[in-house]
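Reviewing the structure listed below.
Nothing in this text is a laboratory measurement; each read-out follows from the coordinates by a stated rule. Not measured: the values here are computed from a predicted model. Please note: Cβ atoms are built from the backbone with ideal geometry, for glycine as well, and neighbour counts cover all protein chains shown.
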Amino acid sequence: MESIIAGLAGVGYIASRRIATALFMATHLQKPVLVEGVAGVGKTELALCAAALLGLPLIRLQCYEGLDESKALYEWKYGKQLLYTQILKDHMGAALTDAPDMATAMERLHGTGDLFFSEPFLEPRPLLNALREPDGAVLLIDEIDKSDEAFEAFLLEMLSAFQVSIPEIGVIKATTPPVVFLTSNNVRDLGDALKRRCLHLHIPLPDQGLEEKIVAARVPGIEARLRTELVRFVQALRTLDLRKLPSISETVDWARALILLHAAALDVELVRETLNVLLKFEADVAAVEPKIGELLSHGA
Amino acid sequence: MQHTLESFLRALRAHDVRVSPAEAIDAHRAAAETGYADRDLLRDALCVTLAKSAEEVDRFDACFDTFFARPPSVGAGRPPPQTQGETPPGTPDLAGQLLAGDEAALAQAMEASAARVGVGDIRLTSQRNLLTRRMLDDMGLRELEAMIQALRAAGGPRDAAVAERLAERRAVLFVQAAAFVERQSKLYASESARRMRDALLAQQKLTAVEPEDFRAMEALVRRMAKRLATKYARKRHRAHKGKLDVRKTIRRSMGHGGIPFEVVWKSETLHKPKIAVLCDVSRSVASAAQFLLLFLYSLNEVVERLDAYAFSDRAVSVNDLLDDEKVDDAITLVMARVGFRPTDYGRSLANFLDAQGPKLDRRTTVIILGDGRSNFANPRLDLMRAINDRARSVIWLNPEPETYWNQGDSKMDAYARFCTVAKTCNTLAQLERIIEDVLRTYMSQ
């Protein structure tokens, strides 16, 4: 466990024990991980870093409403099929002229017919690519909650047995099962069947210590004192009742912004000017502005 | 250890964490991977395999802590008793263990007795005392008491000392047994009791909810609204089987030299419902209004296009309040804006039609929550007819039972003529069922 935490830290991801355990279980039980959490908490980043840590290629599938299997799994290369049919037309004609009757000609055609629905004419999409990667891969299915229910059901075979059925060819099975991450923002509730097949990891907003470590890893140039101060401010901000609480990515962005401004310490004026990095809604900014002084002194 | 894990899974199920047999197998595999030595590791590993949502993670953590908490041991902190020689032959097991201070054996005996009398099946907290007593009896309490009696009667100083010690240990055992049952009840009974209360609340008349149940009711309402919304808020396509979409098929065939490889069938898009709600917050329905507003608020959070109005002597739009304020504030503010005044349906309908009129079309469903009591003012049935003409459907939910309709100043029957449905609705369960009917029947056609 410690080695996984250290390894993830090595590629720039500070993980809690639960995250490390989830990663460990995913590789050992060979089950996909469903990662949930508010936006900007590092769900996608986890998959990227896991790929770097395991030294596997990352294959990413971004979900959206209307995504279907021809875009996610495979498609036939219609153009190529057509072209080949045209080119081979004469050839086929020649092969068939000496056939004594229709039955023989049909027989010969049967022998070649399936050629056009074979692997050379298959256009692999992300899911198929992940299955065919010889040494395994990290497959990231991003924002699964944005896809349709039908697509979710379609994923089930892929996620439990790591195989897909293509009617014309048969079942394609993974040589090495990929490590699969699914991320969800809870736009809609996912089906139980999908949840059952996955390990579930909920990434909460981090506490003071963990967040400081994250900022240190992501923004190396920042001074320790400013770091502590700014993380404390963000933590205090999260106790307020805001429409969108600032998450880790906002903290990191803010830290970068402060470095650009050559700030050494937080003061009310500075916070007021840079507040729009942290808060994304006009109403939130208006609610926080009068309280900045209080929040700053509360932390110190 | 397998047995322990099984009972833990049972405790989880009692805590509303759904564990299917397949997940149970996963849990065993996970536990085999991690082993039982490192408790935090085991907890994390089981958590990722079993808990499937943020709420379940919280419940899992609580359950894990209670389940694996070590009970305080008998006679902790005392010098180990030197009683080996004193135990007379023919002593019952329980007395022997108590005298020897054998905590492991005692704990085991307690577990075994608990399993025999079925402490794990506890459903109500009121069963605790009974089950504690039964468990102690099963462990051999009667024999123990008989022995103490006998020793006291024998009268020797040595016997008396042993009897004294046994009595002392017995008291500790009582405490421990009670704590054990308490823990079991927390594990297995708390959730079932909560579920029972929720079921009762859902059947409770909205006008008769006790103030202390408000919080629970609120949570219940929110869950219902969320459930309904996830079920119906999606945009769906329905394929028209067998109808060729010629335009799209030709367009797609362009890439293949005009040969129609891909055949596209016509499909129709099911539009997301548009809902306009008119909610009565006048004096006559004040107690029910609170919940109707609560439902409105929750619905507003999950349904995209909802226009909400509250009315008593006039109707005002409350969309801004529902959008910007927290739930308690929103309800108070709505009540402050228009609440507690005598109802004037005619004027309210006129206000509603003025504000909402341009947006009322064949895709809108109008829901009216109110008792139809207009204080003998002009009910303006013509406006009701106009609303009914324009909207896809009009649904009237009345907190009064149907026998009260049209009595006194109620104009309910007259209004009902212009409604697609008019129904009584005075419990949460009814409210949910009706809204679900509405969403299914009147919207997605």
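What does the charge count around residue A:281 come to, taking other residues whose C-beta lies under 14 Å from its C-beta (Lys +1, Arg +1, Asp -1, Glu -1)?
Numbers: positive: A:243, A:244, A:280; negative: A:241, A:250, A:282, A:284, A:289, B:323, B:324.
Every neighbour counted, the sum reads -4.
Scattering from the C-alpha atoms of the range B:84-192 alone, worked out with Debye: what is log10 I(q)/I(0) at q = 0.12, 0.16, 0.22 1/Å? Log10 of I(q)/I(0), two decimals: -0.44, -0.71, -1.12.
Could you work out the relative contact order of chain A, using alpha carbon pairs under 8 angstrom and six or more residues apart, expressed as a whole percent?
Details: 410 pairs, mean separation 71.1, N = 300.
Computed value for chain A: 24 percent relative contact order.
How compact is chain A by the rule of thumb for globular proteins, expressed as Cα Rg over 2.2 N^0.38 Å? Show your work: numbers first, answer last.
Working: Rg = 26.5 Å, N = 300, 2.2 N^0.38 = 19.2 Å.
For chain A, the normalised Cα radius of gyration comes out at 1.38.
Considering only A:197, A:225, A:108, the mean-square fluctuation computed in a Gaussian network model of chain A, springs between alpha carbons under 10 angstrom, is largest for A:108.
Rounded to the nearest angstrom and listed largest first, the equivalent-ellipsoid semi-axes of the range A:208-299 from its Cα gyration tensor are 19, 14, 12. Here, the range A:74-121 has an Rg and a Dmax of 12.3, 40 Å when only alpha carbons are counted. Largest first, the extents of the alpha carbon coordinates of the range B:1-49 on the three principal axes equal 26, 20, 18 Å. Here the Kirkwood formula, the inverse mean of 1/r across different C-alpha pairs, assigns the range A:19-122 a hydrodynamic radius of 18.8 Å. Diffusion of the protein assembly as shown by Stokes-Einstein, at 10 °C in a medium of 1.306 mPa s and with Rh set to the Kirkwood radius over alpha-carbon pairs, works out to 49 µm²/s.
Each Lys or Arg adds one and each Asp or Glu subtracts one; over the other residues with Cβ under 11 Å from the Cβ of residue A:245, this totals +1. I want the local charge near residue B:307. Using Cβ-Cβ distances under 11 Å, sum +1 for each Lys or Arg and -1 for each Asp or Glu among the other residues. Net charge around residue B:307: +3. Dipole of chain A computed with +1 at Lys/Arg Cβ and -1 at Asp/Glu Cβ about the Cα centre; of A:221, A:137, A:258, farthest Cα towards the positive end is A:221. The rule of thumb for compact globular proteins, 2.2 N^0.38 Å, goes into the C-alpha radius of gyration of the range B:274-443 0.93 times. Residue-wise HN-Hα couplings along the range B:319-333, as the Karplus relation 6.51 cos²θ - 1.76 cosθ + 1.60 with θ = phi - 60° gives them from phi, are 4, 4, 5, 5, 6, 9, 9, 6, 4, 5, 4, 4, 5, 4, 5 Hz; Gly and Pro carry x. Under 5 Å from the amide H of residue B:367 lie the amide H atoms of B:276, B:277, B:278, B:395, each residue being 5 or more positions distant or on a separate chain, with H modelled from the backbone and absent for Pro and chain starts.
Per DSSP helix of 4 or more residues, -39500 (n - 2.57); summed, then divided by the residues of chain A. What does that give at 222 nm, rounded to the nearest 500?
Numbers: 15 runs with 161 residues, N = 300.
Result for chain A: -16000 deg cm²/dmol, rounded to the nearest 500.
Going through the range A:32-89, which chymotrypsin sites (Phe, Trp or Tyr not before Pro) have at most 14 other Cβ atoms within 10 Å and a DSSP loop state? Can you show the working numbers first?
On the way: sites: A:64, A:74, A:76, A:78, A:84; in loops: A:64.
Filter output for the range A:32-89: A:64.
Can you compute the charge dipole magnitude of the range A:208-299 about its Cα centre, using +1 on each Lys and Arg Cβ and -1 on each Asp and Glu Cβ, nothing else charged? Give it in debye, rounded to the nearest 20.
Details: 12 positive and 14 negative charges, 64 e Å.
Dipole size: approximately 300 debye.
By the count of neighbouring beta-carbon atoms within 10 Å, fewest first, A:148, B:328 end up ordered B:328, A:148. Pairs with C-alpha atoms separated by more than 29 Å, drawn from the list B:226/B:423; A:31/A:244; A:146/A:173; A:244/B:52, are A:31/A:244. How many angstrom lie between the Cα centre of the range A:248-273 and the Cα centre of the range B:132-174? Distance between centres, Cα-based: 71 Å.
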